[in-house]
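This report concerns only the one structure given below.
Since every read-out is calculated from the coordinates, none of them should be taken as a lab result. Note that the coordinates shown come from a computational prediction; the quantities given were computed from them, not determined experimentally. Backbone-built Cβ (ideal geometry, glycine too); neighbour counts: all protein chains shown.
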Amino acid sequence: MVKLLIVTGSGRSGTSSVAGTLKRLGFHIPQPEVPTDDNNPRGYYEPLWVADFHKYWLNDLPVRTIDTRPNAGDLAMDSVTPEREEELRVWLAAELAPYDDGAVVVVKETRAYWVYPLWQRVAEATGAEVSSLTMLRHPTQVVRSRDSAYLADKSDELRRKREVANVAAWMNSIFVTERATRDNPRAFVPYYDLIGDWRAAMTRACGQLGLDPGDLTAPHDVDDFLTTSLNRSSDSWDGLAVPDDLRAQAEATWAAATTLVETPHDEAAMAELDRLAADYAAYFEVAAAIANDETAMHVVRTKRDHEGRLREKTKRVERQAGRIKALEAEVESLRVGGGAKARIKALLGRS
């Protein structure tokens with residue numbers, strides 16, 4: 001049986017680093033991969049097909065890569081159609097077909113946790129054994145990393161709003177991922193551990209997943225790939241405009257999640273995460289109620305903007321249609337009138 005290892009976690013949590021490490025340990029990543037860019041010059045190690053599959057589907061709902069809404073995963077799963085499920089099954093079956101029993105195929109995608117039950121169903125249909133590796137990174141580091149990657153040129157007001165939203169979305173990603181992966185072998189790897197002592201971190205994770213990491217004797221390709229310089233974000237809350245109550249919830253979530261590093265199915269930690277998820281859902285409901293007028297105003301403004309752009313485009317189309325109609329009338333007059341060739345040449349000369 002081929003083993004399908006799904007690598008996921010909050011965006012900017014080190015999923016690319018661990019996927020690149022797994023590739024250097026000899027595990028397989030479906031090709032082609034998402035190309036490098038300025039936000040990730042060392043590579044994403046993410047199958048391009050999977051990235052596009054999730055992006056064009058979830059962006060259309062929309063469900064963000066990290067999303068504050070407790071029901072975001074339900075919204076995504078409710079939109080699954082038989083055709084979409086079959087599309088994923090066909091792709092996965094083709095990717096797994098060349099490999100012998102025991103081979104490990106790694107699919108890294110930070111949006112996979114929103115639709116993890118779909119991946120479980122499709123993997124079962126193809127006869128693959130599913131396991132998961134979830135990257136953990138302190139919320140302040142995730143927020144600062146997202147700031148530097150995506151918000152460097154934005155206003156201070158927008159950055160403050162996104163800092164609060166990204167902390168909440170980080171918590172939500174932990175709740176959804178942990179709950180979704182309870183039924184399969186799994187490992188949780190802190191980013192600190194990975195870049196600090198990757199051999200110890202990957203030996204522990206592979207042991208929990210029943211995978212053989214191979215010979216880790218130095219020198220190893222991973223030694224040049226992972227360096228402590230990769231972690232450039234502070235784990236301090238100083239300078240982040242995040243309310244104290246949200247900070248407390250995030251720290252409690254971090255403490256419970258990191259318990260799973262040594263014992264991935266720790267009953268007390270899972271119960272604590274369930275409690276925190278319920279508290280967060282209530283917190284989100286209050287925040288959404290407070291922001292109701294702002295949200296309604298944003299919807300109205302967005303609708304007006306779209307309607308304005310549509311009116312302008314309609315006017316341009318009508319102007320073009322008028323020009324076409326005038327040209328058609330002139331051509332018709334030339335066709336039926338005398339001296340057609342000369343007038344056509346004159347017409348062409350003017351154009």
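Numerical summary
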{"item": "Least to most buried among TYR116, TYR99 (fewest other Cβ within 10 Å first)", "result": "TYR99, TYR116"}
{"item": "Gyration tensor (alpha-carbon) shape descriptor, segment 1-125, a/c threshold 1.5", "result": "oblate"}
{"item": "Computed Rg/Rh of segment 3-290, alpha carbon atoms with Kirkwood Rh", "result": "0.94"}
{"item": "Rounded to the nearest 20 debye, dipole of the chain from Cβ charges on Lys, Arg, Asp, Glu", "result": "2540"}
{"item": "Within the chain, helix-based [θ] at 222 nm, where runs of 4 or more DSSP H residues each add -39,500 (n - 2.57), nearest 500", "result": "-19500 deg cm²/dmol"}
{"item": "Simple spin-label estimate for ARG182 and ALA288 in nanometres, 7 Å along Cα-Cβ", "result": "2.2"}
{"item": "Exposure proxy ranking, count of Cβ atoms within 10 Å, fewest first, for PHE27, PHE188", "result": "PHE27, PHE188"}
{"item": "Ranking of THR126, THR21 by count of other Cβ atoms within 10 Å, fewest first", "result": "THR126, THR21"}
{"item": "Angle in degrees between helix 244-259 and the longest Cα principal axis of the chain, rounded to the nearest 10", "result": "60"}
{"item": "Taking segment 1-79 and dividing mean pair separation by its residue count, relative contact order in percent (alpha carbons under 8 Å, at least six apart)", "result": "23"}
{"item": "Protection proxy ranking, peptides 28-34, 244-250, average beta carbon neighbours within 10 Å, highest first", "result": "28-34, 244-250"}
{"item": "Surface/4 estimate of mean projected area, convex hull on alpha-carbon atoms of segment 182-271, nm²", "result": "7.6"}
{"item": "Computed over segment 1-160: relative contact order in percent, which uses C-alpha pairs under 8 Å that are six or more apart", "result": "45"}
{"item": "Restraint check, LYS55/LYS108; LYS161/LYS303; LYS23/LYS108, Cα-Cα greater than 18 Å", "result": "LYS161/LYS303"}
{"item": "Taking segment 3-290 and dividing mean pair separation by its residue count, relative contact order in percent (alpha carbons under 8 Å, at least six apart)", "result": "25"}
{"item": "Shape call, segment 172-226: gyration tensor on alpha carbons, a/c limit 1.5", "result": "oblate"}
{"item": "Cubic angstrom per residue, convex hull over Cα atoms of segment 107-228", "result": "130"}
{"item": "Linear extension gain, ALA97 paired with SER333, 0.36 nm per residue minus alpha-carbon span", "result": "78.4 nm"}
